[in-house]
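The values are calculated or read from the model by the stated rules, or taken from the named source; none is laboratory data. Keep in mind that what you see is a predicted model, and the values were worked out from it rather than measured. Positions of Cβ are backbone-derived with ideal geometry, glycine not excepted, and every protein chain shown enters the neighbour counts. The area values use the complete protein model at the heavy-atom level, side chains included, leaving out ligands, DNA and RNA. Shrake-Rupley method; radii C 1.70, N 1.55, O 1.52, S 1.80 Å.
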Amino acid sequence: MTGGWRWAGALFMAGAMWTAVGCGSGNESADPGKPVVEDPPEAVQPPAEDSGTPDAGGNLPDAGGEIPDAGTPPVDGGSDPVPDAGTPDSGTPDSGTPDSGTPDAGEVVVTIPSSAGWEFYGRQQGGPRFVYGVSADQGGNVWVAGGEDGLFLMKKGDNTLRRFTLEDGLHPYGIMRDGVGGPPPGDKYLKVISVAGGPSGTVFVGYEGKPPQKGMPTCEDEWDQSYNAGREPIAAIYKSGDADKVTLKADGTLKVVHYDIHTGPNKVSREMRGREKLCTIHRIAYDPKTQSVWFGGNHGFARGDAEFDGNVPVACFDPRPYTDKDFWWDFSCNGLLEHVHPAISGAPAPGGSAPVLTDRYFGIAVAENGDVFFGGQLRSTRFRYGTNGGNYWRAQAETEDPPYSWNRFDIWEDKDRDEEWPYPTEADRVDDHISAMSVTSSGDVWVSSFFYGLARLSPNGTVQTKVMQDLINYTPAGNGKPAQAPSSAVAVDPQDGSVWVGAHWWGGMTRLKSGEVMKYGTNVFGSQLVNGSSVSDIQFDRSGGKRRVLVSFQGYTKKDGTVVPGIIGIYTGD
């Protein structure tokens, strides 16, 4: 996608800015085996017809969501606001050995809580400063997304964490078309922000794309905008991020296979140069039944082959121009298919066509039949992968094409608007800001929102109920702001079906169990965490047949620059 319309909204959480970028949807394909095309080279131009591949257009029949202001979370009893907890200092950690537990300069020593049924692991046990996610593989090993500190592992039976970084083989960047598949030039950027346990000893790792220099395009836009500007694209930016499959070998070293989340040349009719859009991977889910690994990222989502071993023909790195008659590239070169988004139409610029809006997919939940629920800033969808027998492109059509508007869920509904003007203004939109999803045994799905608490959807996406006032950080409307219950994680307990909800700030956790509301606040976690730390992730260790709830408290940076580190909590009680 070249060009494209960009809109930047208000802050939704500490230091993060939602953006929506023009991108195509895709009309239903006559050949479900081919990817649908995306928007035209100039977003203000009407889409051109293509005789061989259906047109993507951008003429979606539905539209969506304004970004409200969630306010500023209190820290230390409300004395300091929380700036960006996601950008810790630039010091490079050592690799491969447990951290000494000695705090860095400007770092608070967090008191490890002591509560019945809970175990906690922090800096004292070798953990990272910031904890973005936690997961267990099928062998019961616990993996932790530690931001710029790297990837961490606590092997089953251990009580300390080991750290891995670039020096250990982590690969937060793609591969160049240079004849040999070499790395992009320039400094490499490591920030681990998501993890999903796989087979025993294996974890799927998601990275954040490298931040650009001030005033330059992000990793999502560098490939296209550099072309529009007539300059050489910065590979260290557009090739940054993506995901790895990491396996611990018997000798303690890592085997790393990289998923370069892009589409090569000559595969999408309106992006013949190739496509480089997804780079920051917010959430990952592994489905052993279909051997799929699902990536929820900026702009859209993608599917990886969980058995991909990284061994590809040298032709995948063909350095010749894509216009050469013998040029070749195939999806087998990167072990994945990308990308899809339940996008919406935005208001057109004067004299232009309607842009297509999409952003950040934090919600992923795998259904029993292999379908996958995805939740984004604007819309959510049931990606009908299992329903369509593993046909990714057909499932894409059933999320993106105009006849399937019913499969683009508006959970917290937009405001009514004049039917004669079908495009939403910012005032019309109420963005859902999905933060996580989890499927129940009945096939329903619980959805958490960074603003609006919880919703329970039926398997077809119908809203059954919403929960806000029962959550531990519920804040009633006041001072010109709506009622809120900022929720950053949700997970359904496989043991009893109870629902665990993490507060984005102001609270801790809530558990909804058989009509009972159980709240875990300062009495369990202490004030240092509850007053400012987001519960960034909740997952379950399913390896042992007993309850083992994995919780990550992200940690945060105070206004004066002092870091309050995050911790990992593991609950094994009733």
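Placing R0 at 45 angstrom, the Cβ-Cβ distance between PHE331 and GLN464 gives a FRET efficiency of 0.75 after rounding to 0.05.
Can you tell me the equivalent ellipsoid semi-axes for the stretch 351-446? Use √(5λ) from the Cα gyration tensor, largest first, whole Å. List each step's numbers first, then the result.
On the way: eigenvalues 138, 55, 24 Å².
Ellipsoid half-lengths, sorted descending, are 26, 17, 11 Å.
Shown are TRP412, TRP500, whose ranking by accessible area with a 1.4 Å probe and every protein chain present, most to least, is TRP412, TRP500.
When only alpha carbons are used to place a centre, the stretch 261-289 and the stretch 486-536 end up 34 Å from one another.
In the stretch 392-462, how does Rg compare with the Kirkwood Rh, expressed as the Rg/Rh ratio over alpha carbon atoms? Before the final figure, lay out the partial values.
Details: Rg = 14.1 Å, Rh = 14.0 Å.
Ratio of gyration radius to Kirkwood radius: 1.01.
So how do THR475, THR557 rank on accessible area, 1.4 Å probe, biggest first, that is with the largest at the start?
THR475, THR557
Segment ASN523..SER115, full-extension length gain: 146.1 nm, with 0.36 nm per residue of separation and the alpha-carbon distance subtracted. Considered as an equivalent ellipsoid built on the Cα gyration tensor, the stretch 273-356 has semi-axes of 28, 23, 9 Å, the largest given first.
Compute the accessible area per residue over the stretch 402-497, keeping the other protein chains in place, probe 1.4 Å, unit Å². The partial results should precede the final answer.
Values: 4270 Å² over 96 residues.
On a per-residue basis, the stretch 402-497 sits at 44 Å².
Can you give the Kirkwood hydrodynamic radius for the stretch 282-324, in Å, rounded to one decimal and based on Cα pairs? Write down the numbers at each step before the final one.
Numbers: mean 1/r = 0.0783 Å⁻¹.
For the stretch 282-324, inverting the mean 1/r across all distinct Cα pairs yields 12.8 Å.
Sorted largest first by accessible area at a 1.4 angstrom probe radius, with every protein chain in place, the residues ILE237, ILE112 fall in the order ILE112, ILE237.
Any idea what % of Cα-Cα pairs in the stretch 114-258 are farther than 24 Å?
On the way: 3934 of 10440 pairs.
Of all Cα-Cα distances in the stretch 114-258, 38 percent exceed 24 Å.
In order along the stretch 115-130, the phi-based Karplus estimate (6.51 cos²θ - 1.76 cosθ + 1.60, θ = phi - 60°) of 3J(HN,Hα) comes to 9, 4, x, 10, 10, 10, 9, x, 4, 5, 9, x, x, x, 5, 10 Hz; Gly and Pro are listed as x.
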